[in-house]
Amino acid sequence: MNRFFKRKIILVVLLSLVVLLFSPVDVAAAPIPLPKIGVEIGSADTPQDVALSLQILALLTILTLAPAILILMTSFTRIIVVFSFLRNALATQQMPPNQVLIGLALFLTFFIMTPVWSEINQNALQPYLHEEITQETAYHNAVTPLRTFMLKQTREKDLALFINMSSAPKPDNPDDIPTYVVIPAFTISELKTAFQIGFIIYIPFIIIDMVVASTLMSMGMMMLPPMMISLPFKLLLFILVDGWNLVVQSLLLGFR
């Protein structure tokens, strides 16, 4: 009886499919309207159209360069390099993951750069949006806080290197230094500072590795990887000294 019931259900399903496929009645669903998007290129009729086109082009250019601006003109470079050194010194492989380190570096960058961006918004962006200043004045007001921040963290030796290589005239004051000279000088200064911090971070963990390796060799346990034994001691030391707090505090104080 149960088998007969199953065959009956299968027969009903097959008949229903045949009716749906071959029935002359239109059972198709109503088409879903989709938005139409069009791009039109034509000649500008008024000066306002030309200005708007140039503004859109400038905006697209800035968006294209936004990752490079974020990485090379802010505190992001030093922070992410120090975090990479810290993870390698701990020998924790992929812990914390790259996404966590990059995310933390980004939010620390936002925290450090907030006064600079607030000044840019107050003196450049908002007055320009309210048509109180011209585009050239807005650009100058926006670049000035960034230049001040970068020059404060840049070594004179690095500035002299790029000034000499660019054959630019010797500046009388920091305002005379071109921005295209300040940016690479700031970048290599940040890299040197990050490497110096990374070297200091490595010292206590190298000592732990040396002590563990010497102890294992004196005990005749040369087949046991020292890294396996030293890793818990590194983590214990890092936890006891509250390592994340110390590293982040040092990075924040370095930009004041």
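Since every read-out is calculated from the coordinates, none of them should be taken as a lab result. Bear in mind that the values here come from a model prediction, so they are computed numbers and not experimental data. Positions of Cβ are backbone-derived with ideal geometry, glycine not excepted, and every protein chain shown enters the neighbour counts.
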Along principal axes, Cα extents of the stretch 156-196, largest first, whole Å:
31, 18, 15
Which order, highest average first, do 162-170, 103-111 follow once you tally other Cβ atoms within 10 Å for each residue and take the mean per peptide?
103-111, 162-170
Taking the Cα centre of the stretch 84-170 as origin, sum charge times position over the Cβ atoms of Lys and Arg (+1) and Asp and Glu (-1), and report the length of that vector in debye to the nearest 20.
520 debye
Contour minus end-to-end for residue 69 and residue 176, with contour as 0.36 nm per residue of separation and end-to-end as the Cα-Cα distance?
36.4 nm
Once amide hydrogens are built 1.01 Å from N within the peptide plane, the residues lying 5 or more places from residue 168 or on another chain with amide H under 5 Å from its amide H are none
